[in-house]
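Trainee: Below you'll find the structure I mean.
The values are calculated or read from the model by the stated rules, or taken from the named source; none is laboratory data. What you are looking at is a predicted structure, and each value in this text was computed from that prediction instead of being measured. FYI the Cβ positions are ideal-geometry reconstructions off the backbone, even for glycines, and counts take in every protein chain you see. Accessible surface is based on the protein model in full, side chains and every heavy atom, while ligands, DNA and RNA are left aside. Shrake-Rupley method; radii C 1.70, N 1.55, O 1.52, S 1.80 Å.
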Amino acid sequence: MAQTQRPLSPHLQIYKWQVQMVTSILHRATGIALAVGTLMVLWGLLSLAAGEDAFNQFKVCTGSPLGMILMIGWTWSLFYHLCNGIRHLVQDAGAGYAIAQFVRSSWLSIIVSIVLTLLVWAYVLTAGGAA
């Protein structure tokens, strides 16, 4: 059999990382994180319905360092997925496809999601919600 010289598919070592690629990957990853993290939120709601002892146990778990990391990560995932989803809706309407606008809106979705996460957790921690 004769070997044909077909081009190989490029892989991640070939591509130059760009913010557009990162936001696309993050959008998918945060969607998965939201699905998994929703189980933790559901656990909180069920423990709230089960009574004070169950909810206190939930608060101990979410107040631990690992629990705080998971909850802050879930919050950021929620805000990032929301901001990037709004960006996609705008693009679906036909706006924002120029490279400069695309890059700017990609960075904006990252920055706004971080700011919103910081605002929410600053409020939670100052209001005594994570104790």
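Trainee: Using a Förster radius of 25 Å, what is the FRET efficiency between LEU45 and LEU118 based on their Cβ-Cβ separation? Nearest 0.05, please.
Mentor: 0.50
Trainee: Suppose a student asked you for the relative contact order of the range 19-126, using Cα pairs under 8 Å spaced at least 6 residues apart; what percent would you report?
Mentor: So the answer I get is 34 percent.
Trainee: Using the alpha-carbon atoms, what tilt in degrees (0 to 90, nearest 10) does helix 19-50 show relative to the longest principal axis of the chain?
Mentor: With both axes taken from Cα atoms, the answer is about 20 degrees.
Trainee: Let me ask you something else. Per residue and in Å³, how big is the convex hull formed by the alpha-carbon atoms of the chain?
Mentor: It is 199 Å³ per residue.
Trainee: If you line up the long axis of helix 99-126 against the longest principal axis of the chain, both from Cα atoms, how many degrees apart are they, to the nearest 10?
Mentor: Its long axis makes an angle of about 10 degrees.
Trainee: Give, in nm to one decimal, the length gained when the segment between GLN20 and ALA54 is fully stretched (0.36 nm per residue of separation minus the Cα-Cα distance).
Mentor: Difference between extended and current length: 7.9 nm.
Trainee: Taking only protein heavy atoms and a 1.4 Å probe, what accessible area per residue, in Å², does the range 19-126 have with all protein chains in place?
Mentor: Here the residues of the range 19-126 average 62 Å² of exposed surface.
Trainee: Could you calculate the FRET efficiency of VAL36 with ILE111 from 1/(1 + (r/R0)^6), where r is the beta carbon distance between them and R0 is 35 Å, rounded to 0.05?
Mentor: After rounding to 0.05, the efficiency reads 0.90.
Trainee: While we're looking at this one, here's another question. Could you work out how much longer the chain between TYR97 and ALA127 gets when fully extended? Use 0.36 nm per residue separation minus the Cα distance between them, nm to one decimal.
Mentor: 6.7 nm
Trainee: Please label the shape of the range 49-121 as rounded, prolate or oblate, based on the square roots a ≥ b ≥ c of the eigenvalues of the alpha-carbon gyration tensor (a/c under 1.5 means rounded; beyond that, a/b larger than b/c means prolate, else oblate).
Mentor: Verdict is prolate for the range 49-121.
Trainee: Dipole size in debye (nearest 20) for the chain around its Cα centre, Lys and Arg Cβ +1, Asp and Glu Cβ -1?
Mentor: The calculation lands at about 540 debye.
Trainee: Now for a separate question. What is the angle, in °, between the Cα long axis of helix 65-92 and the longest principal axis of the Cα atoms in the chain? Nearest 10 is fine, range 0 to 90.
Mentor: Relative to the chain, helix 65-92 is tipped by roughly 50 degrees.
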